[in-house]
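First up is the structure itself, then whatever we jot down about it.
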Amino acid sequence: MTNIAGKRIVVVGAGLSGLAVCRHAISAGADVTLSDRRSAEQIPGLEILDSRVLRDLGGHDAAVFQQADLIVVSPGVPLTVPVLAKAIDRGIPVWGEVEYASRHLTAPVIAITGTNGKSTTTELVGQMLRGCGKRVFVGGNIGVPLIEAAGQDVDYVVVELSSFQLETIDQFHPRYALMLNVSVDHLDRYPDMAAYVAAKKAIFANQTADDIAVLNGEDEQVMAMVPGIDSRPVRFSSQRLLEQGISFTQGTIHWCNKGEQCCFNTDELMLSGLHNIENVMAALVPVLLEGCDPEQAWQAACRFTGLPHRMVLVRTLNGVRWYNDSKGTNLGSVEKSVGGLSAPVTLIAGGKDKGGDYRDIRSALQGRVTALVLIGQAADLMEQAWGDLCPIYRAESMEQAVDVAHKVTPSPGQVVLSPGCSSFDMFKSFEERGERFSEAVRALHGKE
């Protein structure tokens, strides 16, 4: 536990995690200043903040940062911001909310990262542990700041971590670190793929031989990390049967660990798709290694229906199935989502470009996607990369995109919103984007 009483702490970014750190730090006796580029009127929830928290709004006052004992940054704030870069040069500690929170936790931590599947796997771990009678906190990048776990009487802390959050850890030390997969993402933030991979790999930085690294044994980028990891690796594979670890073959998940063996029938799962079987396998590892009852854990996994905006079937209309995968914000996610469907598929894609080469997933689209409806800023780049694969249509709004897809998709067929981009050119969040899609689909007229 870190004593912060009397410390001068500057919290940068007034989002959910920033406001949560302010509340915790002020209650722990620190002198707290909240700094944000936005004005007070632009920050929701600011009115309920403790009056003892000083405010540096409408910009970042260099003097405030120079006097700080500690700076805590929100995940969306890059360390290249001039006041932060100068503070780092001066030797002032700059932590993320995850690092700050980890100093105030007592329960063992199960941390999950990867390009795709983080949220689903995080929720699965939480559901399984609860199904086995454990008291669990679930949070992090999934929407609940990790600092909310401080002071809670729980057996485990399960946390989803983005690369942004992992950039700013120092001593963060999870008992279990799960690396699900690594594919191109966030190249609008990182100079190259190597920098993105390095940020992800930081999840293992403070683990020792007493800890566990859960690794996708079929992902080259993940397996390339192994030589630099001190913790014990446990692999999962959806392509071959492993002598040790967890595997999927012919409809069955096989768990083998030091003589212990058990099997699970994946037909019992409510989740669908090979990527979700991989998520279930990864989630099972820490639960089983902690000695939880395999049958109780499996039944909890079988009750899990998935998360909103992640390949959710909105409705079936005139023989066409409509899927909301608004959380598909990178190309790897689009590839997995489309790969789980059979032709003909109409793909609604586009948004704010995050970098990467759209040509990388041509083979996943070819022969399966029979129509593309493109929206947002990335539409031109997508058309250049995919224009010869199938007919392409443009839409200026989500409602128009749904209307076009409704007209061009044959029955039987599928329509999937899997944007491959962030939402911030047209929407406040991927949630808003998915809700607009679902509302437009439900407004269509036809035969269920």
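The values are calculated or read from the model by the stated rules, or taken from the named source; none is laboratory data. As the structure is a prediction and not an experimental result, all values here were calculated from the model. Backbone-built Cβ (ideal geometry, glycine too); neighbour counts: all protein chains shown. Accessible surface is based on the protein model in full, side chains and every heavy atom, while ligands, DNA and RNA are left aside. Shrake-Rupley method; radii C 1.70, N 1.55, O 1.52, S 1.80 Å.
A few comments on the model shown:
- For the stretch 387-431 versus the stretch 166-202, the gap between their alpha-carbon centres in whole angstrom: 30 Å
- Cα gyration tensor category, rounded, prolate or oblate, for the stretch 119-256 with a/c compared to 1.5: oblate
- Cα centre as origin, Lys/Arg/Asp/Glu Cβ charges: the stretch 68-170 dipole, Debye: 140 debye
- Label-point separation in nm, Glu439 to Thr252, each point 7 Å along Cα→Cβ: 4.9 nm
- Residues of the chain: accessible area per residue with a 1.4 Å probe, Å²: 42 Å²
- Computed lengthening from Asn318 to Lys86, 0.36 nm per intervening residue step minus Cα-Cα distance: 77.5 nm
- Carbon plus sulfur fraction of accessible area for the stretch 331-385, probe 1.4 Å, in percent: 40 percent
- Charged-residue dipole, Cβ positions (Lys, Arg, Asp, Glu), the stretch 290-448 about Cα centre, Debye nearest 20: 340 debye
- Electrostatic bookkeeping for Ile361 treats Lys and Arg as +1 and Asp and Glu as -1; over the other residues with beta carbon under 13 Å from its beta carbon, the sum is 0.
- Note on Leu274/Arg362: beta-carbon distance plugged into 1/(1 + (r/R0)^6) with R0 of 22 Å gives a FRET efficiency of 0.65.
- Once backbone amide H atoms are built at 1.01 Å from N, Leu317 has Trp322 as its partners under 5 Å, excluding neighbours fewer than 5 places away on the same chain.
- Rotationally averaged projected area of the stretch 328-380 (alpha carbon convex hull; nm²): 3.3 nm²
- Couplings 3J(HN,Hα) of the stretch 11-25, computed from phi: 9, 9, x, 9, x, 4, 5, x, 5, 5, 5, 4, 4, 5, 5 Hz, in residue order, whole Hz [Karplus 6.51 cos²θ - 1.76 cosθ + 1.60, θ = phi - 60°; x for Gly and Pro].
- 12 Å beta-carbon shell around Gln239, net charge (K/R +1, D/E -1): -1
- Around Ile26: net Lys/Arg minus Asp/Glu count, Cβ-Cβ under 11 Å: 0
- Note on the stretch 144-274: with charges restricted to the Cβ of Lys and Arg (+1) and Asp and Glu (-1), its dipole about the Cα centre is near 320 debye.
- Fluctuation leader among Thr266, Thr329, Thr113 - the chain, Gaussian network, Cα springs under 10 angstrom: Thr266
- Bridges between two residues of the chain, per DSSP, are antiparallel at a rate of about 25%.
- Absence of a disulfide-compatible partner, taken as no other cysteine beta carbon within less than 4.7 angstrom, is noted in the chain for Cys22, Cys256, Cys262, Cys263, Cys302, Cys390, Cys421.
- Taking every alpha-carbon pair under 8 Å whose residues sit at least 6 apart, the chain reaches a relative contact order of 11 percent.
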